[in-house]
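Here's the structure, in structure tokens; my notes come after.
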Amino acid sequence: VDLRTASRSPYRDLKTALLVGIPAMVIVAVATWAITAETVGGVRVVEVSPWADRPITGDPIPVPPSSTPAAELALEPCPSWARTQFANGALIDDALTAAGPALPLWSEFPLPEFNVSTLTDVRGSGSILPVQADGVNFLTPPRVVITTDLDNEFDDWPAVIWALLGSVGDAPSLSVEAIYIEPFSFRWQTVLKVIAYKIEQKPEEEVSGLEAAFLAVYQTTLDNMRLNGFTPQTWVETDNHAIWCPERSIAESLASTQRLVGLLAQAGGDDAEEIAALADTPILAGSTAYLTESDPSVPLESDAVSDLIARGRAVTDPANDPLYVVCIGAPTNIAAALLQAPDLVQKIIVVWDGAWPSDDETHAATGSFNAGSDPLALRVLFGSGVPLIFAPGFPSLMDLQLSRPEVEAWLSGRGPVSDAIYTRFLANPDLQPYGIGEYNEAGTSRIQWDIGCMVPFIAPGLLTTVRQPAADIVQVAASCNGLFNSCEGVRPSYDSSGSGGGGVAIATSCATPNLDGASCRDGYFYPADPPRPDLIEIQVYWGIASPTSIMRDLLVKLQSAGL
């Protein structure tokens, strides 16, 4: 893990000590922080970054006054929550006193019969990777569609642009045919903070022992929110990203993607005409609901799903020219397409990032945003047997780090696309639902998860790959108390041979709770039954800012085009 990542990182602690504990060294510390190299990847870097003037420590930002008493805060269920979230019709406001009934396990819904994919060798390379056996790109670039939740957080922005710019020039690395918008929502996480906040605002004598235990889990998050000038009450009283439903996220991400990709029309340089044409890349809205919250017997139809099915079925020679579907969000659109068109498993290859490695017994496979947002879609992705290049978010992509001084020096004022990416970094919206802002502070950085999915196409030399046995996602059989933070039940396990070994009793908190207050939707990897073709797990090395790095390649492409 990059030492700058954690909120209590060595670099951050050192900087704080220098500025707070040793005042005489302030000037030296600030000067050391501010001075950067003159050039990075051919890009001129400002000599002194304004970031150097930002204080390391400080008092909380004043929280705007609220117009609604905390006890009266309430969030209506999302319109798309047809099956699970508060199936009893209760408002989130009632969760403390009226937990809903236990809900059906998403792992029990029957999947269609998928034929075992025979797509295991692309262009004689011996694998499903989009490069030759020696790691060199094919002369004819692979066909790619991208499915992204762009407005979710910052990392989608440079990932999408890097992929598009990688599809032009004399030796393009890929050919991006379309961009699909994937749903996202922090609502299922936000609700828990709203409940914790309401407990916090109650008179101490009215707080039960169970409520106090629940509040303790989220107290640090609430404190961090105040440091950044807001509370869960701010979410409810404003039109805030943290409480958007999947329906809203599709509309917002569609508009943002159109604006970002549209900036490519301003390209200059040798490839100006070709890059400008990328501004017309088809961008299609995906599902406005998660599979997990929907009735899986009713198809999730959308422009993106229809287009994916049509493009996939149009593939006539998958062994030599498959369609790669790069998913940098919840796999909802892909899963919806596979449920409607099971034959796609013979036509497409999926690249997806999220979760933990498929042989990890310790962590819930659903314990990341891309995985936990739609567990049923995750089950379809792995259970279908579609050829899969899997980039575990933890720990495989955690080396991909960017800090605020770096984006200021390398992107700010460099061009319309660079400025858009830089501005998004500063205002990354997950600051609110997670209550974090540490990567906007000295000594810290932010993980760029999603850009890792483009590495197999553009920088395959940065990869190592491991063949892993196919895996299923099996839901925890657990019941929880009415505040979600104490669950008891059974989770799947492996025996020493690596095959299925029954279950292990658990007593734990739930990473991805159902908002009925009584059940948990965590899922764990389990050996595929019946066995299916291996999946490919990738690890990206060298980080994002090394001499042969992802960021250097992106910067060169942006600067060459005046973007």
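Give the relative contact order (percent, whole number) for the range 242-292; include only Cα pairs under 8 Å separated by 6+ residues.
Worked out over the range 242-292, it gives 46 percent.
If Lys and Arg each add +1 and Asp and Glu each add -1, what is the summed charge of the other residues whose beta carbon sits under 12 Å from the beta carbon of Ile309?
Surrounding charge for Ile309 is -1.
Among 411-418, 365-372, 201-208, 332-339, how do they line up from the highest to the lowest mean number of other beta-carbon atoms within 10 Å?
332-339, 365-372, 411-418, 201-208
Could you sort 159-169, 242-252 so that the peptide with the highest average Cβ count within 10 Å comes first and the rest follow in order?
Descending packing order for the listed peptides: 159-169, 242-252.
Any idea which of Thr281, Val305, Gln266 is furthest toward the positive side of the dipole for the range 247-315, if Lys and Arg beta-carbons carry +1 and Asp and Glu beta-carbons -1?
Farthest along the dipole direction, towards plus: Val305.
Checking the a/c ratio against 1.5 first, then a/b against b/c, what shape does the Cα gyration tensor give for the range 348-414?
Prolate, because a/c is 1.5 or more and a/b exceeds b/c.
Net charge near Cys453: determine it from the other residues with C-beta under 12 Å of the C-beta of Cys453, scoring Lys and Arg +1 and Asp and Glu -1.
So the surrounding residues net to -4.
No lab work stands behind these numbers, since they all come straight from the coordinates. Everything quoted here is computed from the prediction, not taken from an experiment. Methodologically, a virtual Cβ is constructed for each residue, glycine included, from the backbone with ideal geometry; neighbour enumeration extends over all protein chains shown.
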